[in-house]
Amino acid sequence: MTRLPGFLILLAVLFAAVTTSVSFAGDFPAPEGWRPYAAGEVEDEWRDFSPTRYLEVKGDFDGNGAADGAKLFVRPDGSEVGLFVFMCEKDGACKEHLLAGLKGPRVLRRAGVDLVHRGRYSTACGKAYRECKEGETPEIEIRNDSIDLFESTGGNSYFYWDEAKKAFERVWMSD
């Protein structure tokens, strides 16, 4: 009988705990006119680095103490990927909102979401990818969990809750 070193057992237990606490597939049904990704559409190797295959994230986006979710859905014909956020209250009531739609021939395979933790971040113009346009800032401070919408071979943007506007703001992090 082969024994695993204690640290490997601990890593396996921690990975299992993270995997089950991050994934909430099935908690939110596909909005009308959209469908979940099919298994064959998420086989790309870059998705192996996320237990949710970069299709969904969970966090407290508005800071109200309730877990919210963001999830990618697809048009039935595969022509568009939609980023939906499900804003929830402590009583469990949730409202769905479409934050963004991505179109293009390969977007189905390249679109992903990831969780962004609170902190200060340099934006695309702050990293000198391009000049800051009027109204853009080179740096943002995120106060709650937020959403990173990205294409595996392209740019990304963060969606973060603006408490004063009671709405999500989108800021480009790379082009």
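Among the numbered criteria (1) modelled with pLDDT under 90; (2) open to solvent by less than 60 Å² (accessible area, probe 1.4 Å); (3) over 19 Å from the mean Cα position of the chain (by Cα), which one does residue 93 miss?
(1)
Can you name every residue in segment 52-79 that is open to solvent by 50 Å² or more (accessible area, probe 1.4 Å) and among the polar types (S, T, N, Q)?
Passing the criteria: only 79.
If a residue counts only when it is among the hydroxyl-bearing types (Ser, Thr, Tyr) and open to solvent by less than 50 Å² (accessible area, probe 1.4 Å), which strands (runs of 3 or more DSSP E) contained entirely in segment 113-175 have at least 3 such residues?
Details: elements: 119-122, 139-142, 146-151, 156-162, 167-174.
The strands (runs of 3 or more DSSP E) meeting that bar are 156-162.
Among (1) open to solvent by 20 Å² or more (accessible area, probe 1.4 Å); (2) in contact with a Cys (Cβ under 7 Å, 6 or more places away or on another chain); (3) not hydroxyl-bearing (Ser, Thr, Tyr), which single condition is residue 86 missing?
Failed condition: (1).
List every residue pair whose Cβ atoms lie under 8 Å apart, where the two residues are 6 or more positions apart in sequence or sit on different chains, the first residue falls within segment 44-66 and is outside any loop (DSSP other than H, G, I, E, B), and the second residue, located anywhere, is at pLDDT below 95 and open to solvent by less than 40 Å² (accessible area, probe 1.4 Å).
That search, which allows pairs on different chains as well, returns 56/24; 58/24.
The values are calculated or read from the model by the stated rules, or taken from the named source; none is laboratory data. These numbers come from a predicted model, not from an experiment. Every residue, glycine among them, receives a Cβ derived from its backbone with ideal geometry; neighbour counts consider all protein chains shown. Note: accessible area is taken over every heavy atom of the protein model, side chains too, but ligands, DNA and RNA are not part of it. Shrake-Rupley method; radii C 1.70, N 1.55, O 1.52, S 1.80 Å.
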